[in-house]
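Coordinate-derived values only; no laboratory data. Quick caveat, the model's predicted, so the values are computed rather than measured. Heads up, the Cβs are rebuilt from the backbone with ideal geometry, glycines too, and the neighbour counts pull from every protein chain shown.
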Amino acid sequence: MSRRSDAHGATTVVEGVRAVIGAVHVIRAGSDRSTATFHRVVGLRQVAQAGITARVGSGNAHTVGAAVDVLHGATMLPLLLAPAPWRRVAGRQLVIAVVLAVAEIVAVGTGRRAGRR
């Protein structure tokens, strides 16, 4: 298996996981009325991001996806100071954002060609 197909397989896994996380958010939206709209919006964003990134498939698309995840994680930081249930939501979202951003970056690599420095 070539390096290119290895990267494609890894990115497919990342986007599949992202889509599942998004679907869980949408399904879970009904479980807590105070955070339902938040879960729906984040869930739909995750599903859309997974679809768009998988469709485009370029390293740049995955880099933009990672940047979106970092931005999302940063917006969760102030919510860590909010009362429950928002503190729990923010903590979980921060972890998800960091994991997905790192996964996107690891999946596409540095963009350098093998043998070049």
Quick check for you: which residues of region 50-73 have the amide N under 18 Å from the point 7 Å beyond the Cα of V26 toward its beta carbon? 50-55
Along region 38-48, Karplus-curve 3J(HN,Hα) (6.51, -1.76, 1.60; θ = phi - 60°) to the nearest Hz, with x for Gly and Pro, reads 4, 5, 5, 5, 5, x, 5, 5, 5, 5, 5
For region 72-78, what does the Karplus curve 6.51 cos²θ - 1.76 cosθ + 1.60, with θ = phi - 60°, yield as ³J(HN,Hα) per residue in whole Hz, taken in order and with x for Gly and Pro? 4, x, 5, 6, 7, 4, x
Taking N as the number of residues in the chain, what is its alpha-carbon radius of gyration divided by 2.2 N^0.38 Å? 1.17
